[in-house]
Amino acid sequence: MFIEPSLSSRRQSERKGQIEVICGSMFSGKTEELIRRLTRAKLAKLKVEIFKPSIDKRYHDSDVVSHNENTIRSTPVHFAGDILLLTGDCDVVGIDETQFFDEEIVRVVQLLANQGKRVILAGLDMDFEGKPFEPMPRLMAIAEYVTKVHAICMKCGDLAAFSLRLSAAREKVVLGEKESYEARCRKCFLDDKK
Ligand code: ZN
C-alpha cells in the first residue's frame, strides 16, 4: 500500500513536488488506486484537479470512472499542454488513462512537479501485444514513485500483468470493455495470444 509523504503542512511554494505512476494491466485497479490517493489528498484539504484524455469516452464525459463505479469528477482534455493551462494553483494533479497522451505529457508532468505539485498518473504499462505502451515507460523513469498493480488471470487465477485482447482488432487504441479484454498471467497470455 502506498503511503503518502507528508505534503499538507507546507505551502506549495515550499514544496518540492513529485511524480507518482500507478501502472498495470487492464482490470488491475489503477483507477481505483488513483481515486484512493486523490480522495485522501482532498481529506488533507489539498486542492485537487483530475484530467483524462478526451479520447476515452467509455463512460460519462467528465468523470474519471473506474470499473467499480467509484467516481471522481475530471476534466477531459485533447492535448497534454491543455493541462498546464487548467491546473492553476492546485496542489495535486491526477491524470487517468495517461497512456493515451502523446509524449508531450512527459514535459507537462515535469513542469507541474517542478512547480511543487504532486502529480499522480494512472495508465496501462503494456499494450495488447505485451509491448511497453509509450509514453508510460518515460513517465516511470522520471517518477519518484512507481506502483505496479496487478489483475487476476481470468484463466488460472494467478496474478496477471497482461491484457489479452479477445477480438481480432489490430489497432493499438481499442478502448477497454470487459467483453473485449481479459487479464492474463505471463504463461496464459503466451498460450492464448494468437
Ligand atoms: Zn494464468
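Any residue at all in the stretch 132-151 that is surrounded by fewer than 18 Cβ atoms within 10 Å (Cβ to Cβ) and over 22 Å from Phe51 (Cα atoms)? Among the residues of the stretch 132-151, at least one is surrounded by fewer than 18 Cβ atoms within 10 Å (Cβ to Cβ) and over 22 Å from Phe51 (Cα atoms), which makes the answer yes. Among all residues of the stretch 17-40, there is at least one that is farther than 30 Å from Ile152 by Cα and either at pLDDT below 95 or assigned to a loop (DSSP other than H, G, I, E, B) (or both). Condition check for Arg118 on (1) among the charged types (D, E, K, R); (2) closer than 13 Å to Ser25 by Cα; (3) crowded, with 16+ Cβ neighbours inside 10 Å; (4) at pLDDT 95 or above: one failure, at (2). Quick check on the stretch 128-137. Is at least one of its residues on the phi > 0 side of the Ramachandran plot, modelled with pLDDT of 95 or more, within 16 Å of the ligand (Cβ to nearest atom) and not hydroxyl-bearing (Ser, Thr, Tyr)? Checked the stretch 128-137: at least one residue is on the phi > 0 side of the Ramachandran plot, modelled with pLDDT of 95 or more, within 16 Å of the ligand (Cβ to nearest atom) and not hydroxyl-bearing (Ser, Thr, Tyr).
Let's see how each residue does on (1) in a helix (DSSP H, G or I); (2) at pLDDT 65 or above:
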| position | (1), (2) |
| --- | --- |
| Arg58 | no, no |
| His67 | no, no |
| Leu84 | yes, yes |
| Cys90 | no, yes |
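The residue that is farthest from the chain's Cα centre (by Cα), among those in the stretch 102-115 that are closer than 19 Å to Leu46 by Cα, of a type outside the set (Gly, Ala, Ser) and surrounded by 18 or more Cβ atoms within 10 Å (Cβ to Cβ), is Leu112. Screening the candidates Phe189, Phe162 for the property of being within 16 Å of the ligand (Cβ to nearest atom), touching a Gly at 6+ places or on another chain (Cβ under 6 Å), on the phi < 0 side of the Ramachandran plot and at pLDDT 95 or above yields one hit, Phe162. Residue count for the stretch 94-145 satisfying the condition of being assigned to a helix (DSSP H, G or I) and basic (Lys, Arg): 2.
The values are calculated or read from the model by the stated rules, or taken from the named source; none is laboratory data. On a predicted model such as this, the values are computed, not experimentally measured, just so you know. Cβ sites come from the backbone with ideal geometry, for glycine too, and all protein chains shown count toward neighbours.
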